[in-house]
Amino acid sequence: MGCLLVGGGIRKCKTLGRQSQMIRADAEVALADILRPVNSGASKGPRPVYTFGQYVTDQYLPFYRRGWKESTAGTSEQIVTTHLIPELGDRLLQVIRRLDLQEVLDAKARNLSDSPVRHMRWFMNAIFKLAVSDGYIANNPAAELIIPKHCQPGRQMRPLTKEEVNQYLEVFDLREKLIARLAIFEGMRPGEILALRRKSIVGDTIQVAERVYKRVLNTPKNGKAREGAISDGTLELLHQWAELALDHSPDGFVFPSEKVVTPLSLDNLWRRSMFPKLDKIGLGWATFQVLRKTNATLSKKAGVDPKVSSDQRGHGIGVSMAVYTSSDMEQKRTAVRQLEAAVLRKPQPQTRQVTAPPA
């Protein structure tokens, strides 16, 4: 028999089985099964009732900020606070259903392109998945949401052609030309370029160990340092630029600000030194994101191994192929002709039968 003291000193007992049929170990297991719900209930207070906005603000964002880089945190929080909280913020977390979330996406698709709608779906899923893990809801209503078919067309971002790359570089002086080359040929992100120190250049390789975002230095976007190769033309310009450096110490920035001890600001660089010159030749649309896409696309066209190309840029091959690499019509024509030649039998010459004239 197992006994338990409850409120007011009352003793409650329950027969577990006959002593002749149950050993002590079996009795302890049976008693533990009876006490488990009692003990678990005694150790937990009532769970708070959250609205969607309260849960995002109090739980989701503080938790995810631990792992987000500054740039990721900025864009992520903007999407959540601008698009999701205004639509769902006052609703109780426990009563939101899949149809409610799908209607939000459908409404957003009437004014936004595919990309931000996809991001919203991702954040909805992440928020409710965490809420399930925390025990505030039983199921994730965002797990099977669908991207609406009729999103608005987004801004087209095509890579530069080879001719445009040459025009792009010719318009700049040494510093901007070198920065552009590091993006186009070495595949570096702008924050990685501006965070380069003199010790980062070792022979014909670049040690990419830092990046800068809004004047804050941190590790590269994926959190991993990498080693990249330097093209001959870029290396020659780096040597020319090094001769003009004011700080020759190993920790000196390759592209310093006017203060010398801090890296150059990306916003100032683009707004003051790059965009005005590019805009005059009709290439003001070609941002650093375009240059990254250009690196991936022209590398593919030049026959560079996709894995090597993605390693040089510092991201996975799946992202490289799906996001940054595109094929032009010349490559597509070559591809379909190669496939046709590999599959179809070559037509055999027809033999003409010659009959002798009647005698």
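What is the one condition in (1) outside any loop (DSSP other than H, G, I, E, B); (2) open to solvent by 60 Å² or more (accessible area, probe 1.4 Å); (3) of a type in the set (Val, Ile, Thr) that ILE127 does not satisfy?
So the condition that ILE127 fails would be (2).
For segment 82-89, state whether one or more residues are acidic (Asp, Glu), open to solvent by 20 Å² or more (accessible area, probe 1.4 Å) and within 19 Å of the chain's Cα centre (by Cα).
no
Counting only residues that are in contact (Cβ under 8 Å) with a residue 24 or more places away in the chain and closer than 19 Å to ARG158 by Cβ, which one in segment 275-288 is most open to solvent (accessible area, probe 1.4 Å)?
Residue satisfying both the conditions and the ranking: ILE281.
Can you tell me how many residues in segment 244-274 are surrounded by fewer than 16 Cβ atoms within 10 Å (Cβ to Cβ), of a type in the set (S, T, N, Q) and under 28 Å from the mean Cα position of the chain (by Cα)?
Adding up the residues that qualify gives 2.
Output the residues belonging to segment 140-169 that are of a type in the set (Asp, Glu) and surrounded by 14 or more Cβ atoms within 10 Å (Cβ to Cβ).
Correct list: GLU164 only.
Looking only at segment 214-233, decide whether some residue is among the hydroxyl-bearing types (Ser, Thr, Tyr) and surrounded by 15 or more Cβ atoms within 10 Å (Cβ to Cβ).
For segment 214-233, residues among the hydroxyl-bearing types (Ser, Thr, Tyr) and surrounded by 15 or more Cβ atoms within 10 Å (Cβ to Cβ): absent.
The values are calculated or read from the model by the stated rules, or taken from the named source; none is laboratory data. Just so it is clear, the structure is predicted and the values come from calculations on it, not from any experiment. Note that each Cβ is placed from the backbone with ideal geometry, even for glycine, and that neighbours are counted across all protein chains shown. Remember, those area values only see protein heavy atoms, side chains included, never the ligands or the DNA or RNA. Shrake-Rupley method; radii C 1.70, N 1.55, O 1.52, S 1.80 Å.
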